[in-house]
Each structure stands twice: as structure tokens, then as C-alpha cells.
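Contents: one structure, followed by commentary.
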Amino acid sequence: MALTNLKDLKMIRILAENPSNKSINILAKFENRDGHAILLMNKPPFSKDLIQELISEQTSAQVQLENDIYSQYILTPKAELNLLKSTLIYPATEKHIEKYSQHEVYIVHETPKDYKNITLPYIKENAFSAQWVERILRHESESENIVYEDPDPNTGFILLPDLKWDKKQLSDLYLVAICHRRGLRSIRDLTSSDIPLLRNIQEQGILSIKEKYGISESKLRIYVHYQPSYYHFHVHFTHLQFLAPGSNVERAHLLRDVIENLELYPNYYSQKTLSFVIQEGSALITEYRKHGRLS
């Protein structure tokens, strides 16, 4: 379902907005179609290639304030320079609506016992379908975007751009490595036997990004999420200048640290208390409160 415009999409309400990264999530509905749609929109970073076009007579200026040497303006560039990045989810389920809505957040300190009794049953019952991941791994979707692939069933992975990156500038570079092996849900499942997989992702991911984009390891943030947004093990590669959603300390675990922890203690992540942020209204927060682990 490729769109050429949004004339048939009608807004129902705003689910969430974030002024810091200039993003907004909108719940909508198509005319003459069943089900809900979610439209995620954000302003991309400035492209160096377009700066000269912005600073031209084609950009109108409306003065807002003048004070000594300082003045403020509203600038309106031509339409093709005033772009929005967007992701459309259709049909969107109630889980999607919950995920992309704005909620009060809390931090949970999950013990190994909590994981076994609360989080793991939740994952098995409520996790999003990873069918779209399977389509990528089977080359049924996004195969034209693959930057690197190692097909080995145990240590192999596919590296490709994340949907959050428009691939137009390197300052917000964002790629994701999805492992071929099934059954690894998150860092909780990792043991020292998975170090060859993790090292392969780290080393080949760094080499591939250097070769294709010219960005060295020292400019990359390489990490995994806990909790992840989907439970098929994957690793994030972002440009160090780009503060990607989820790259904050309460969710991101640097891959190099993950490898070192497993070298020191083979079952580190199954034995450690792990902290993560949880949203009000989620099914998981309900379970934590039911077990008396969150007030």
C-alpha cells in the first residue's frame, strides 16, 4: 500500500509528541477502510547539501524580535526543503496504539526472579509478532537495503538501515543488525556461548559501516536495548552525534560491555538485576504491580 499523498487519512487524535526530537505520533483512519492507522512523523536533521539552498532568496523571513545585535525570524523555505520523515503502521493493533502513546514512565529494577515470574510470562503472552523480522531474514522484504549479511545460522546476521534513518545524511546514521538465530529474545538469554555471535556482529558491523559510509568505530554507538521493542535479538548502530530514541542509560547496553561481562561471568545476564523504563498503562506494569514489585 504505497501512498502518494495523505488525502484519505483522517486524524483521530495525537498519541504522543516530543519537542526535543521534533516528533509526533498520530492515530488516524483511512476513509473507506477498516482499522486504525498510526502515522509517526519527525523533522530530519539539516542536510549540509541543502544549506546553501536554504540560505537564498527562495526562503522568506518574517521578523519576530529585534534587540540590539540580536533578531529572531520565522523562516519559510521552499516546500521541497521543508520535509518530514514518516512511518505508517496499518492496520495498527491496540498494542501498537499503546506502544506509541505518551504515558507516565517508571523505572523497574528487575531481578532474575522477577524476570522468570513476571517478565518472561508477559513476553510469551504479549510480545509483538516478529513476522516482519522473519520476512527480512528470508529476503522477502527489504533485501535491497541489506548492507551486509553473514548467513551462518548460529553466528550470522543481516545489517540494514533502521526505518528511523532516511539515508540522506550520515549525522543521524542508524543501522540494525538482526541475528539469524531464532530463540534469542534479549540480553537475558545471552551466555558466554553467544560471544562468537556478538563479536561477529561487532566486528563485521564496524567494517561494513566503515566500508560503505566511511564512518570509523570511534564515531559509532553500538548497543542493545533492554527491554527491546521486539523479542528477536538485534543490535543498534548509530552515529555518536545522533541521540537516537532509546540510547539513554536506562535502556541501552553497549555491545562491548555486554561481551566483556559475558567473558567475566558466563551467565552474567541471567543472574544480574537489570533496570529498565516501563510505561503507565502497559500490560507489563500491571503485572509488576500485581506482584507487588512496583507502587
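Between beta-carbons, use under 13 Å as the cut-off and find the net charge around L54, counting Lys and Arg +1, Asp and Glu -1.
Value of the local net charge: -2.
May I ask which residue of L175, Q52, N248 lies farthest towards the positive end of the charge dipole of the chain, with charges of +1 (Lys, Arg) and -1 (Asp, Glu) on Cβ and the Cα centre as origin?
Toward the positive end, the furthest listed residue is N248.
About the Cα centre, and with charges only on the beta carbon of Lys, Arg (+1) and Asp, Glu (-1), how big is the dipole of the stretch 94-237? Nearest 20 debye, please.
Using Cβ point charges on Lys, Arg, Asp and Glu, the stretch 94-237 gives about 160 debye.
Which of these values of Kirkwood radius over Cα pairs in Å was calculated from the structure shown: (1) 22.4; (2) 21.6; (3) 19.7?
Label of the calculated value: (2).
Ignoring ligands, DNA and RNA, what percent of the accessible area of the stretch 40-117 is carbon or sulfur (1.4 Å)? Before the final figure, lay out each step's value.
Working: 3210 of 5960 Å².
Whole-percent figure for carbon plus sulfur exposure: 54.
Can you pull a Stokes-Einstein diffusion coefficient for the stretch 174-232 at 10 °C (1.306 mPa s), Rh from Kirkwood over Cα pairs, as a whole number of µm²/s?
Taking Rh from Cα pairs, D becomes 125 µm²/s.
Pick out, in residue order, every one of the trypsin sites (Lys or Arg not before Pro) in the stretch 1-87 that is DSSP loop and has at most 14 other C-beta atoms within 10 Å; say none if there are none.
In loop regions of the stretch 1-87 (DSSP not H, G, I, E or B), the sparsely surrounded trypsin sites (Lys or Arg not before Pro) are K7, K22, R33, K78.
Determine, at each q value in 0.20, 0.22 (inverse angstroms), the log₁₀ of I(q)/I(0) that the Debye formula gives when each Cα of the stretch 59-101 is one equal point scatterer.
Relative scattering, expressed as log10 I(q)/I(0), comes to -0.73, -0.79.
For the stretch 172-295, what is the convex hull (Cα atoms) projected area averaged across all directions, in square nanometres?
For the Cα atoms of the stretch 172-295, the hull's average projected area reads 8.6 nm².
On a full-extension model of 0.36 nm per residue, what is the gain between E140 and R256, subtracting their alpha-carbon distance, rounded to one decimal in nm?
38.6 nm
Which translational diffusion coefficient, to the nearest whole µm²/s, is obtained for the stretch 1-57 from the Stokes-Einstein equation, given a Kirkwood hydrodynamic radius over C-alpha pairs, 10 °C and 1.306 mPa s?
Value of D from the Cα-based Kirkwood radius: 115 µm²/s.
Can you give me the Rg/Rh ratio for the stretch 107-158, using Cα atoms for both radii and the Kirkwood formula for Rh? All intermediate terms of the calculation are to be shown ahead of the outcome.
Values: Rg = 16.0 Å, Rh = 13.8 Å.
Here Rg/Rh amounts to 1.17.
Leaving out ligands and nucleic acids, and using a 1.4 Å probe, what accessible area per residue does the stretch 4-79 come to in Å²?
78 Å²
With +1 on each Lys and Arg Cβ and -1 on each Asp and Glu Cβ, and nothing else charged, work out how big the dipole of the stretch 56-121 is about its Cα centre, in Debye to the nearest 20. Could you put the intermediate results ahead of the total?
Working: 6 positive and 9 negative charges, 92 e Å.
So the magnitude is around 440 debye.
When the helices in the chain are scored as -39500 (n - 2.57) per DSSP H run of 4 or longer and the sum is shared across all residues, what 222 nm value do you end up with, to the nearest 500 deg cm²/dmol? Write down the numbers at each step before the final one.
Working: 8 runs with 65 residues, N = 295.
Result for the chain: -6000 deg cm²/dmol, rounded to the nearest 500.
List the extent of the Cα atoms of the stretch 75-184 along each of their three principal axes, largest first, rounded to whole Å.
56, 42, 29
Give the longest segment of the chain that steers clear of GluC sites (Glu not before Pro) in DSSP loops with at most 16 neighbouring Cβ atoms within 10 Å, not counting the sites themselves.
Working: sites that count: E31, E57, E104, E140, E142, E250, E280.
Between the exposed loop sites, the longest stretch runs 143-249.
Please report the relative contact order for the stretch 149-273, taking Cα pairs under 8 Å with a sequence separation of at least 6, and give it as a percent rounded to a whole number.
29 percent
Please identify every one of the trypsin sites (Lys or Arg not before Pro) in the stretch 126-171 that sits in a loop by DSSP and has no more than 14 other beta carbons within 10 Å of its own beta carbon.
Here the trypsin sites (Lys or Arg not before Pro) that fit, given the DSSP loop and packing criteria, are R138, K167, K168.
What is the dipole size for the chain, taken about its Cα centre, with +1 at each Lys and Arg Cβ and -1 at each Asp and Glu Cβ, in debye to the nearest 20?
For this selection, approximately 640 debye.
At q = 0.19, 0.20 Å⁻¹, what base-10 log of I(q)/I(0) does the Debye formula yield for the stretch 36-138 when every alpha carbon is treated as an equal point scatterer in vacuo?
-1.12, -1.17
Mind checking the stretch 182-249 for trypsin sites (Lys or Arg not before Pro) that DSSP puts in a loop (not H, G, I, E or B) and that have at most 14 other Cβ atoms within 10 Å? Don't skip to the end; give the middle numbers.
On the way: sites: R182, R185, R188, R199, K210, K212, K219, R221; in loops: R182, R185.
Filter output for the stretch 182-249: R182.
For the stretch 146-207, evaluate the Debye formula with one uniform point scatterer on each Cα (no solvent term) and list log10 I(q)/I(0) at q = 0.17, 0.28 Å⁻¹, rounded to two decimals.
After summing over all Cα pairs, the log10 values are -0.61, -1.21.
Ranked from the most accessible area to the least, with a 1.4 Å probe and all protein chains present, what is the order of I107, I278?
Details: I107 85, I278 5 Å².
Per-residue accessible area, sorted high to low, gives I107, I278.
The values are calculated or read from the model by the stated rules, or taken from the named source; none is laboratory data. On a predicted model such as this, the values are computed, not experimentally measured, just so you know. Glycine also receives a Cβ, built like all others from the backbone with ideal geometry; neighbour counts cover every protein chain displayed. Remember, those area values only see protein heavy atoms, side chains included, never the ligands or the DNA or RNA. Shrake-Rupley method; radii C 1.70, N 1.55, O 1.52, S 1.80 Å.
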